[in-house]
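Asks: Here's a structure for you.
Derivation of every value follows stated rules applied to the coordinates shown; laboratory data play no part. Quantities reported herein were computed from a predicted structural model and do not represent experimental measurements. Positions of Cβ are generated from backbone atoms using ideal geometry, with glycine treated the same way; all protein chains shown enter the neighbour counts.
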Amino acid sequence: MNRYLSFLMALLGALALSCVPEPVEPEFSASEWVEAQKRAEPQYTGPDVQLEPRFEPGTYTLTQSVITRNRMESTGTGETHSAEIRRRITGDIEISEPDEQGVQTVRYTCRRMRETDATARGVVTYDSDEPELDDDSPPMAAVLKSYVDPFIGWTATLRVRNGEVIETEGLDDLMEQVAESAEVEDPDADLAAIRRQMQLFLDGMLTQHWAELLPGRPVGPGDTWEKTIQVDEIPFLGDTEFQTACLLEDIEPSDGDGPGIAVIRFAIATVARDHQIDLTEISSVPLRGTAGDVLFQSKGTTRFDLDRGVALETTVDMLAAGDMYLRGPDGNVRMDFEVETEVTTTLEPK
């Protein structure tokens with residue numbers, strides 16, 4: 001339960017726990033989908049551009065909204081569990097000028113978090129801007145509060161060179177505060193997953209996690225490319241490769257004198273097969289097994305500011321579905337799962 005309610009775990013954790021009756025093939029071809037997004041008459045007619053992170057010094061407001069709907073069914077008992085989680089997080093980012101070694105200091109401060117969890121037990125909402133709970137608040141509101149409150153006002157400091165994070169400070173302090181607030185008995189074990197997801201969040205907050213998809217060459221409107229990315233942080237499923245199709249749809253005028261806003265489309269449609277899984281990380285008893293064919297589908301759009309070198313907005317729709325076979329002390333069980341996730345991330349210059 002601790003991880004289920006923890007910061008950002010709903011998004012990535014749900015990829016490993018959530019139902020379709022049979023393993024399925026992708027509903028679309030990623031390359032064909034991006035081809036269909038090409039504009040007949042792009043606005044931009046200038047030379048090709050190089051897409052690369054280049055963090056313009058200044059202050060920004062970062063907002064991320066996540067909606068996750070998941071369903072899990074035991075095929076042996078027919079028991080079904082479903083949940084919907086809505087989370088909105090707002091924070092401030094300060095980016096410094098590069099020093100003599102080309103290193104920039106980036107500070108992120110979390111300002112507000114609002115979460116609503118809807119399960120068979122009911123609906124509970126907690127907003128850090130309204131921290132006081134009354135006598136009518138459900139018990140789970142206090143649990144949410146204990147995990148959310150330590151994030152508010154917390155600051156992480158990153159050192160960045162050439163668009164890559166080379167050092168992060170502040171996670172140890174955050175984990176200590178969460179452990180104390182939520183009364184976690186074994187912080188190293190119980191908060192390891194939260195720490196990992198927060199590291200991923202910080203590493204990708206300026207590029208909104210699309211930097212691995214860059215073509216490595218100048219491109220213009222209508223150009224497409226494919227990238228194979230290795231993802232080793234999907235809980236319980238281990239290392240997974242994704243073949244991603246990308247398109248530079250257009251370059252739209254910006255509000256200032258810069259070169260404009262690159263509109264990038266991307267899609268994933270693949271099946272990951274036969275993964276060894278380990279659920280002991282979230283279970284009080286040892287649970288291990290095998291995931292069968294797991295379908296991953298994703299479509300998204302990034303609006304990248306060529307002048308500032310940051311992603312101003314990214315929207316992504318994701319689907320993960322398949323089955324898993326678990327071995328535990330009380331016998332074996334097969335579960336079908338499905339999870340749908342919608343993510344919108346915006347970076348607004350101040």
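Asks: Quick one: net charge around residue 297, please, counting Lys, Arg +1 and Asp, Glu -1 for every other residue with C-beta under 9 Å from its C-beta.
Replies: -1
Asks: Calculate, for residue 119 and residue 50, the FRET efficiency according to 1/(1 + (r/R0)^6) with r their C-beta to C-beta distance and R0 51 Å; round to the nearest 0.05.
Replies: Details: r = 47 Å, r/R0 = 0.92.
The formula returns an efficiency of 0.65 here.
Asks: Right, next: May I ask for the net charge around residue 43, where only other residues with Cβ less than 12 Å from the Cβ of residue 43 are counted and Lys, Arg are +1 while Asp, Glu are -1?
Replies: Details: positive: 39; negative: 41, 249, 250, 252.
Result for the neighbourhood of residue 43: -3.
Asks: Taking residue 350 as the anchor, which aspartates and glutamates have their alpha carbon closer than 14 Å to its alpha carbon, excluding any fewer than eight residues away along the same chain?
Replies: Filter leaves 56, 92, 94, 255.
Asks: Still on this structure, I have one more. When we measure straight from the Cα of residue 227, which lysines land under 20 angstrom away, once same-chain ones fewer than 8 places off are left out?
Replies: Within the straight-line cut-off, residue 227 pairs with 38, 299.
Asks: In whole angstrom, how far apart do the alpha carbon centroids of the range 174-200 and the range 149-168 sit?
Replies: Taking the Cα centre of each part, the range 174-200 and the range 149-168 sit 17 Å apart.
Asks: Ok, one more. How fast does the range 94-214 diffuse by Stokes-Einstein, in µm²/s, taking the Kirkwood radius from C-alpha pairs at 25 °C and 0.890 mPa s?
Replies: This corresponds to a translational diffusion coefficient of 150 µm²/s.
Asks: Another question about this same structure. How far apart, in nm, are two points set 7 Å out from the Cα along the Cα-to-Cβ line at residue 173 and at residue 317?
Replies: Result for the modelled spin labels: 4.1 nm.
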